[in-house]
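Peer 1: Let me begin by handing over the structure; questions about it come next.
Where a number appears in this text, it was derived from the coordinates with a stated rule and is not lab data. Just so it is clear, the model here is predicted, and its values are computed rather than measured. Glycine gets a Cβ as well: all are built from the backbone with ideal geometry, and neighbour counts include every protein chain shown.
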Amino acid sequence: MKQIPTSLLTLLAGIGITLISLWVSQNHHLLPVQASEQAPWVDDFFSLMVGIGTALFIVVQGAILYFTIRYRKRDGDETDGVPIEGNFALEILWTAIPSVIVIGLGIYSVDVYEQMGGIASGSAMAHVHSAQTHAQHPMNAAIAAPLLADATTEISEAPKTSIPTYGLTTVDSNALIVNVTAMQYAWLFDYPLQEILPGELHVPLGQKVLLNLKAQDVIHSFWVPQFRIKQDVIPGEQTQLQFVATKLGEYPIVCTELCGAYHGGMRSNIIVHTPEDFEKWVQETKVAQVAESQNTIARSDADFLAPYTKDLGITADTLAQLHS
Ligand code: CUA
């Protein structure tokens, strides 16, 4: 049998590994559905890393496997291994390749980050807050009034210094602004321009949304896996997130910073509506909010708790028994 030249075998192996890695990078199915404009940017970067990882895995594991079999100790072979010590060219090569890969990925990741809004080093924040609207919502007012009152004064009185903030460098002036407050263990949403305080985050499809995030107590982290956005929420330091929803539906908001005993339960939802449905929802929420604030005093505990106890499987009958 004629010997195939090593260089040709190496080339074929290289082509094979490249093809396999490309296929794996496009078909790994490791990520949830893409529901925002930002998602594909993050996913392309992630898929590239998966591709590189696959190639490295095949090369390293393949070499181990090949050498284990090819140079195994055969029967009757009592000789020592060949004394090989160092290979300067090889060392240069295996330092250079990872360096290029790591620097390249670093530059690419910064590029993706910049595309997503980047990070500002000044206090160029498009922040609108409304202390009164918080108080209008009976539920939020009951839970968070003292905390929010403290925080809002603190922020509005803070002098405009050049302390670095985690605001975005590029903010869309047409963006829907939502102020998000994180506290142990809940997310509060405040739409300053619409003057509503819903229990969940509702956004219109295809419009830029700007979140101003602040924390009342400890560090939390705002994460929407399907949107590929995640941002720490830090006490005494505002952070921001910007995104465009591209898929109708309901997606989870997860706190992904260990923030206390009930960290695991600190979840909410983001609901993506069509622009028309979103407007309808804003109007309905406004009406409901006014009605609710007028009814609070007249309502019984059971009525007030009904929307929350429903999820816990507690019925009106159970509540009635408790009271009697
Ligand atoms: Cu908030 Cu974990």
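Peer 1: Using a 7 Å offset from the Cα along the Cα-to-Cβ direction at both residue 19 and residue 174, what is the distance between the two label points in nm, to one decimal?
Peer 2: Result for the modelled spin labels: 4.7 nm.
Peer 1: Between residue 292 and residue 119, what is the FRET efficiency for a Förster distance of 41 Å, r being their Cβ-Cβ separation, to the nearest 0.05? Intermediate values should be presented prior to the final figure.
Peer 2: Details: r = 39 Å, r/R0 = 0.94.
Calculated value: 0.60.
Peer 1: Another one. Measuring from label point to label point, each 7 Å out along Cα→Cβ, what is the residue 193 to residue 78 span in nm?
Peer 2: 8.8
Peer 1: Between residue 112 and residue 90, what is 0.36 nm times their sequence separation minus the Cα-Cα distance? Round to one decimal in nm. If you can, show how the numbers build up before the last one.
Peer 2: Details: separation 22, 0.36 × 22 = 7.92 nm, distance 3.31 nm.
Extra length available between residue 112 and residue 90 comes to 4.6 nm.
Peer 1: Can you give me the Cα centroid spacing of region 219-242 and region 6-68 in angstrom?
Peer 2: 30
Peer 1: Continuing with the same structure: Between residue 284 and residue 247, what FRET efficiency comes out of the Förster formula 1/(1 + (r/R0)^6) with R0 = 22 Å and r the beta carbon distance, rounded to 0.05? Don't skip to the end; give the middle numbers.
Peer 2: Details: r = 23 Å, r/R0 = 1.03.
The computed FRET efficiency comes out at 0.45.
Peer 1: Residue by residue through region 234-244, which ³J(HN,Hα) values in whole Hz follow from phi under the Karplus form 6.51 cos²θ - 1.76 cosθ + 1.60 (θ = phi - 60°), with glycine and proline marked x?
Peer 2: 10, x, x, 8, 7, 10, 9, 9, 9, 7, 10
Peer 1: For residue 56, project a label point 7 Å along Cα to C-beta. Then give me every residue of region 100-119 with its amide nitrogen under 16 Å of that point.
Peer 2: Zone members listed by number: 100-109.
Peer 1: Quick check: residue separation of residue 49 and residue 3 times 0.36 nm, minus the Cα distance between them. What number comes out in nm? Mind dumping the intermediate values first?
Peer 2: Numbers: separation 46, 0.36 × 46 = 16.56 nm, distance 3.63 nm.
12.9 nm is the gain from fully extending residue 49 to residue 3.
Peer 1: Now, a different point. How high is the FRET efficiency from residue 217 to residue 267, r the C-beta distance, R0 22 Å, rounded to 0.05?
Peer 2: Working: r = 17 Å, r/R0 = 0.78.
Computed FRET efficiency for residue 217 and residue 267: 0.80.
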